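The values are calculated or read from the model by the stated rules, or taken from the named source; none is laboratory data. Keep in mind that this is a model prediction, so the values were computed, not measured. Neighbour counts run over all protein chains shown; Cβ positions are idealised from the backbone, glycine included. Heads up: the accessible areas ignore ligands, DNA and RNA and are worked out on the full protein's heavy atoms, side chains in. Shrake-Rupley method; radii C 1.70, N 1.55, O 1.52, S 1.80 Å.
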Amino acid sequence: YKEYPLSTTPNTLVSTLQERVGFILMGSYGSPTDIGLFRMAHRLLNIPVGLLANALRPIFFQTAAQEGFKSLEPLIFRTFSLVAKISPPILMIFILEAPGILAFCFGENWRSSGTYASILAFPMFLLAVTNWLDRGFDSLGQQKLSFHLEILFSVTSMAGWFLGLVILKDVRAAALLI
């Protein structure tokens with residue numbers, strides 16, 4: 001029990017730092033308009049990620065704790081199968097039509113945010129599909145592995161932000177690279 005907060009706290013700090021570095025760099029190298037448009041797209045695309053993760057994570061962890069990780073295989077395969085059947089058409093429509101969708105929902109001023117939403121749609125889809133599995137590391141006692149993976153993903157993402165914003169000086173390029 002003592003290990004859990006010692007491993008999850010640094011993991012959370014690294015994850016938060018990774019997210020905030022992008023916004024800090026955007027504040028220094030992007031326009032306020034680009035920052036607002038990107039942030040709107042990011043927040044909207046985080047809604048399904050949060051809903052799915054918050055719905056599945058407690059079930060996943062409780063089942064793993066009570067019955068063992070191996071018992072989760074059917075749940076994982078059913079979930080992936082369902083997502084694989086439902087998501088591709090929705091994802092493609094959103095990738096292709098996000099500017100129009102956002103303009104329709106929020107007004108014409110937000111159409112450009114749809115460009116960022118189109119760019120971020122696929123990575124956010126992958127996050128939605130896998131984000132809830134992080135509790136598997138906890139149930140297997142592999143918090144250190146989880147932390148090392150978080151560091152790897154965070155460094156990669158921060159490098160994308162740096163390359164896109166500092167070197168290329170292009171917010172859209174940064175969005176593609178993160």
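How compact is segment 86-176 by the rule of thumb for globular proteins, expressed as Cα Rg over 2.2 N^0.38 Å?
Numbers: Rg = 16.5 Å, N = 91, 2.2 N^0.38 = 12.2 Å.
Taking N as the residue count of segment 86-176, the ratio is 1.35.
If you count, for each residue, the other Cβ atoms within 10 Å and average over each peptide, how do 108-119, 91-102 line up from highest to lowest? Walk me through the numbers on the way to the answer.
Details: 108-119: 19.7, 91-102: 16.4.
Result, highest mean Cβ count within 10 Å first: 108-119, 91-102.
Relative to the present Cα-Cα distance, how much length would full extension add between K144 and T130 at 0.36 nm per residue of separation? Before the final figure, lay out each step's value.
Values: separation 14, 0.36 × 14 = 5.04 nm, distance 1.82 nm.
That works out to 3.2 nm of additional length.
Give the peptides 163-172, 8-17 in descending order of average Cβ contacts within 10 Å, highest first.
Details: 163-172: 17.0, 8-17: 14.4.
By packing density, highest mean first, the sequence is 163-172, 8-17.
Just how large is the dipole of segment 4-111 about the Cα centre, in debye to the nearest 20, putting +1 at every Lys and Arg Cβ and -1 at every Asp and Glu Cβ? Intermediate values should be presented prior to the final figure.
Values: 8 positive and 6 negative charges, 26 e Å.
About 120 debye.
Stick to the Cα atoms of segment 1-105, pair each with every other, and give me the Kirkwood hydrodynamic radius in Å at one decimal. List each step's numbers first, then the result.
Working: mean 1/r = 0.0579 Å⁻¹.
It is 17.3 Å.
What's the magnitude of the charge dipole for segment 69-178 around its Cα centre, counting Lys and Arg as +1 and Asp and Glu as -1 at the beta-carbon? Answer in Debye, nearest 20.
Details: 8 positive and 7 negative charges, 27 e Å.
Dipole size: approximately 120 debye.
Roughly speaking, to the nearest percent, how much of the chain's 1.4 Å accessible area is carbon and sulfur?
Numbers: 7220 of 10640 Å².
Heavy-atom surface of the chain belonging to carbon and sulfur, 1.4 Å probe: 68 percent.
Ratio of the chain's C-alpha Rg to 2.2 N^0.38 Å, to two decimals?
On the way: Rg = 17.9 Å, N = 178, 2.2 N^0.38 = 15.8 Å.
Expressed relative to 2.2 N^0.38 Å, the Cα Rg reads 1.14.
To the nearest 500 deg cm²/dmol, what mean residue ellipticity at 222 nm is calculated for the chain from DSSP H runs of n ≥ 4 alone, each contributing -39,500 (n - 2.57), summed and divided by the residues?
Working: 7 runs with 148 residues, N = 178.
Rounded to the nearest 500, the figure is -29000 deg cm²/dmol.
Please determine, in degrees from 0 to 90 and to the nearest 10, the orientation of helix 32-67 with respect to the longest principal axis defined by the Cα atoms of the chain, where the helix direction is its Cα long axis.
10
If you find the alpha carbon centre of segment 155-178 and of segment 45-83, how far apart are they in angstrom?
31
If you count, for each residue, the other Cβ atoms within 10 Å and average over each peptide, how do 79-85, 54-60 line up from highest to lowest?
Working: 79-85: 12.1, 54-60: 14.9.
My ranking of the peptides, most packed first, is 54-60, 79-85.
Report relative contact order for segment 1-144 in percent, whole number only (criteria: Cα-Cα under 8 Å, sequence separation at least 6).
Values: 111 pairs, mean separation 49.9, N = 144.
Worked out over segment 1-144, it gives 35 percent.
What is the sum of charges around I101, taking Lys and Arg as +1, Asp and Glu as -1, for the other residues whose C-beta is under 14 Å from the C-beta of I101?
Values: positive: R111; negative: E97, E108.
Result for the neighbourhood of I101: -1.
State in Å² the accessible area per residue of segment 64-178; use a 1.4 Å probe, count heavy atoms of protein chains only, and round to the nearest integer. Walk me through the numbers on the way to the answer.
Values: 6760 Å² over 115 residues.
Accessible area per residue: 59 Å².
For the chain, please report how many Lys pairs fall under 27 Å Cα to Cα, leaving out neighbours fewer than 8 apart on the same chain. Intermediate values should be presented prior to the final figure.
Working: K2/K70; K2/K144; K70/K85; K70/K144.
Number of lysine pairs found: 4.
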